[in-house]
Amino acid sequence: MKIGVIGLGYIGSVTAAVLADQGHQVTGIDVDSNKVKIYSSGEIPIFEPGLKNLIVKNRERISFSTSYDTIRESDVIFIAVPTPTSNGSIDLSFVEQAVDSILEVNKNSIIVMKSTVIPGTARSIGKKKGIHIVSNPEFTSEGTAIQDTVKPDRIIIGGSKKQACNVVTDLWEFTGSPIVVTTNENAELIKYASNSFLATKISFINEIANLCEVIPGSDVDIVAKGMGLDKRIGKRFLRAGIGYGGSCFPKDTQAFMDFARSKGTPIKIVEAASEVNDNRISHAIDLVLKSVNSARSQDNKIAILGLSFKDNTDDVRESQSLKLIKELVKLGFQIFAYDPVVKTSISGVKQCASIEECVSLANTVVVATEWDKFRDIVSLVKEKKVVDVRRILDPGEFPIFFAVGFGNAEN
Ligand code: UGA
């Protein structure tokens, strides 16, 4: 088929590459000419494992442009533009612009909404513009985006026109994943309910972590392991830490809460999860201060390992690590930072070229992102103090150790 993808962020670019790999002719559109130039040259402007290879492998079937003219002939057009939250509510202006621009050049394609939108959006935009929109929310995580797209746990398709839904169903049939075809509203709700549930699961374990810290001898990692072995609970998204960040959970929970409140049925559990998450930074600071003030003399040089919102990505949107750094700088600490892929200048922070350099310059080492390479820092750290706000280290290996959810005697 001829496929158009509007928006070349993490989701759009991966959707384009995966569908090209399935033999479709794909055109990716973005308003950012620089981004389009980079993709056209066979490079990628983001760090996403496997994406560059997939695009290069399929270069015969994939092209990039800033012009909607190139999707005049497309049979199916995916919208994967941002839906930011502005003043707590969802901002649909990019989605509306994309729909208008598509309709200027192509009135016959099947329009598919991949962007996360509040329930009722596809139907109401469809009504306003005199078209039908198929909802096809994504459940792709950054860092594992290709495998999540090729082999997702499920495909959700929403719409009221059977034929259009069938075309989209056929497109994703290759995944072999269960496919649920339903209304637009259910599809939109499934997306928000899923992200909000996962965010709530994280906040739940973070609350248990707080409790563990005041119970000497307890450890949230073991509690989570014991809980997660119950198949009804499951072990994923039960890692306690510095709280969730990224471009999805914080924004989507806000938009969902706002939507639910506007309907007169606030979702209290998500409100609580969000509040718990907001408190994670001050909690991490408390741990750093405990460490700094513990044993030997006080010190003010801190190494921060990891800047992105999670491992395997260079995305720093809503990064808890950056929020922590900002607060520590305000408190007057000297910060040395290292990240395997993020290279960004942060005021008051010296970025180091290696973990070795970063650790050597500081007295306290904070593990702020769960990159695998940070698991193996024992020999570098030696007698330095360690604060693990991601729970990737073995507490027994460090002489002075503070961590989220770890009830050691000094805590
Ligand atoms: C999330 C969802 O997992 C995807 O299913 C969804 O498609 C995507 O949002 C989206 O809506 O576009 P993503 O934001 O890429 O994906 O990252 P996650 O892996 O979900 O992590 C989110 C945050 O939660 C990160 O800061 C991560 O470090 C944190 N986290 C995750 C924890 O603190 N503990 C955990 O156990 C899991």
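Got at least one residue in the range 170-181 being closer than 23 Å to residue 23 by Cβ and either among the hydroxyl-bearing types (Ser, Thr, Tyr) or at pLDDT below 95 (or both)?
Yes.
Determine which single condition residue 231 fails, assuming it passes every other condition in (1) among the charged types (D, E, K, R); (2) out of contact with any Leu (no Cβ under 8 Å at 6 or more places or on another chain); (3) within 12 Å of the ligand (Cβ to nearest atom).
(3)
Can you confirm whether residue 292 is in a helix (DSSP H, G or I), surrounded by 15 or more Cβ atoms within 10 Å (Cβ to Cβ) and modelled with pLDDT under 95?
yes
So that you can scan it fast, the table gives a plain yes or no per residue for (1) on the phi < 0 side of the Ramachandran plot; (2) within 11 Å of the ligand (Cβ to nearest atom); (3) within 25 Å of the chain's Cα centre (by Cα):
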| position | (1), (2), (3) |
| --- | --- |
| 152 | yes, yes, yes |
| 160 | yes, no, no |
| 170 | yes, no, no |
| 173 | yes, no, no |
| 176 | no, no, yes |
| 226 | yes, no, no |
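Can you tell me which residue within the range 215-224, out of those that are crowded, with 17+ Cβ neighbours inside 10 Å and within 16 Å of the ligand (Cβ to nearest atom), is nearest to residue 114 (Cα to Cα)?
Applying the filter and picking the extreme gives 224.
Go through 60, 104, 96 for me and flag whichever is surrounded by fewer than 22 Cβ atoms within 10 Å (Cβ to Cβ), touching a helix residue (DSSP H, G or I) at 6+ places or on another chain (Cβ under 9 Å) and in a loop (DSSP other than H, G, I, E, B).
Among 60, 104, 96, only 60 is surrounded by fewer than 22 Cβ atoms within 10 Å (Cβ to Cβ), touching a helix residue (DSSP H, G or I) at 6+ places or on another chain (Cβ under 9 Å) and in a loop (DSSP other than H, G, I, E, B).
Would you point out which residue out of 28, 23 is buried (at least 24 other Cβ atoms within 10 Å of the Cβ) and at pLDDT 95 or above?
So the residue among 28, 23 that is buried (at least 24 other Cβ atoms within 10 Å of the Cβ) and at pLDDT 95 or above is 28.
Which is of a type outside the set (Gly, Ala, Ser), crowded, with 19+ Cβ neighbours inside 10 Å, within 16 Å of the ligand (Cβ to nearest atom) and not in a loop (DSSP other than H, G, I, E, B), of 81, 112?
Testing whether each residue is of a type outside the set (Gly, Ala, Ser), crowded, with 19+ Cβ neighbours inside 10 Å, within 16 Å of the ligand (Cβ to nearest atom) and not in a loop (DSSP other than H, G, I, E, B) leaves just 112.
Would you be able to say whether some residue in the range 256-266 is within 14 Å of the ligand (Cβ to nearest atom), within 22 Å of residue 221 (Cα to Cα) and either in contact with a Cys (Cβ under 8 Å, 6 or more places away or on another chain) or at pLDDT 95 or above (or both)?
No, the conditions are met nowhere in the range 256-266.
Hey, could you check the range 295-306 for residues that are more than 12 Å from the ligand (Cβ to nearest atom) and in contact (Cβ under 8 Å) with a residue 24 or more places away in the chain and say which is surrounded by the fewest Cβ atoms within 10 Å (Cβ to Cβ)?
295
For the list (1) within 29 Å of residue 315 (Cα to Cα); (2) in contact (Cβ under 8 Å) with a residue 24 or more places away in the chain; (3) out of contact with any strand residue (DSSP E or B) (no Cβ under 9 Å at 6 or more places or on another chain), I need the number of the one condition that residue 141 fails.
Result: residue 141 passes all but (2).
Starting from the range 377-392, keep only residues that are farther than 15 Å from residue 291 by Cβ, then list their pairs with residues that are of a type in the set (Ser, Thr, Tyr) and surrounded by fewer than 24 Cβ atoms within 10 Å (Cβ to Cβ) whose Cβ atoms are within a distance under 8 Å, requiring at least 6 positions of separation or different chains.
Pairs that qualify, where the first residue is farther than 15 Å from residue 291 by Cβ and the partner is of a type in the set (Ser, Thr, Tyr) and surrounded by fewer than 24 Cβ atoms within 10 Å (Cβ to Cβ), are 380/360.
All but one of (1) touching a residue at least 60 places away in the same chain (Cβ under 8 Å); (2) of a type in the set (Ser, Thr, Tyr); (3) more than 15 Å from the ligand (Cβ to nearest atom) hold for residue 244; state the number of the condition that does not hold.
(3)
How many residues are of a type in the set (S, T, N, Q), outside any helix (DSSP H, G or I) and either within 16 Å of the ligand (Cβ to nearest atom) or under 25 Å from residue 312 (Cβ atoms) (or both) when one looks only at the range 1-48?
2
The values are calculated or read from the model by the stated rules, or taken from the named source; none is laboratory data. In this text, all values refer to a predicted model and were calculated from it rather than measured experimentally. Here the Cβ is made from the backbone with ideal geometry for all residues, glycine too, and neighbour counts use every protein chain on show.
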